[in-house]
């Protein structure tokens, strides 16, 4: 059977959440929709679940069933509060890391064996230290807040790079994409390379 790919961008539906950090997955799907030539294939499905984040798995399971997509051919794109703004990390078969959208997909599919593209949404100090909010309430507030003015200028480049990473995973495989994008830090901020 020829592989069919499903690229899922995580976010919340509605104009209230449209430009928030938590919706960076939706923004990347929008970029891919506008540049279908990048993928150039009719066996790639793009999905922005129209449930809220913590129920994303229902839509993913339904599309997989209908289009016969295997879990290992799913790419889930989402925000990550443990990574500096714009940093990308590609991994496979990992836990949710506390991300409720990812948790929902793992529950719905009964497996964690799918690819994740994590996109950093947390600013750093001049020395490159992560300025992650402390406490669940502040983390949620950060995620549901809009990108700051300075971040907005970088956002287009971040989204474009993430879209290229998705295209590389599909065209050349996860390993090659990991070698290129996991080592690439968009803002030139020194960070330690982490596996997956």
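Of all DSSP beta bridges located in the range 40-196, what percent are antiparallel, nearest 5?
Looking only at bridges with both residues in the range 40-196, the antiparallel portion is about 45 percent.
Is the shape of the chain best called rounded, prolate or oblate, per the rule: a/c under 1.5 gives rounded, else a/b larger than b/c gives prolate, else oblate, with a ≥ b ≥ c the square roots of the Cα gyration tensor eigenvalues?
In terms of gyration-tensor shape, prolate.
With the contact rule set at Cα under 8 Å and sequence spacing of 6 or more, what percent relative contact order holds for the range 46-109?
Relative contact order, the range 46-109: 54 percent.
Given the DSSP H assignment, sum -39500 (n - 2.57) over each helix run of at least 4 residues in the chain and divide by its residue total; what's the result at 222 nm in deg cm²/dmol, nearest 500?
It lands at -12000 deg cm²/dmol.
For 118, 89, which order do you get if you count the other beta carbons within 10 Å of each Cβ and list the fewest first?
89, 118
Please compute the contact order of the range 5-181 in relative form: average sequence separation of alpha-carbon pairs under 8 Å and at least six residues apart, divided by the residue count, as a percent.
Reported as a whole number, the value is 27 percent.
Going by how many other beta carbons lie within 10 Å of each one, how would you line up 52, 5, fewest first?
Ordered by Cβ neighbours within 10 Å, fewest first: 52, 5.
Using per-residue counts of other Cβ atoms within 10 Å, averaged over each peptide, order 20-33, 125-138, 103-116, 148-161 from highest down.
Most protected by this proxy first, the peptides run 20-33, 103-116, 148-161, 125-138.
Read-outs: derived from the displayed coordinates by stated rules, not from any lab. Remember, predicted model here, so these are calculated numbers, not experimental data. Because the Cβ atoms are built from the backbone with ideal geometry, glycine has one as well, and the counts that use them run over all protein chains shown.
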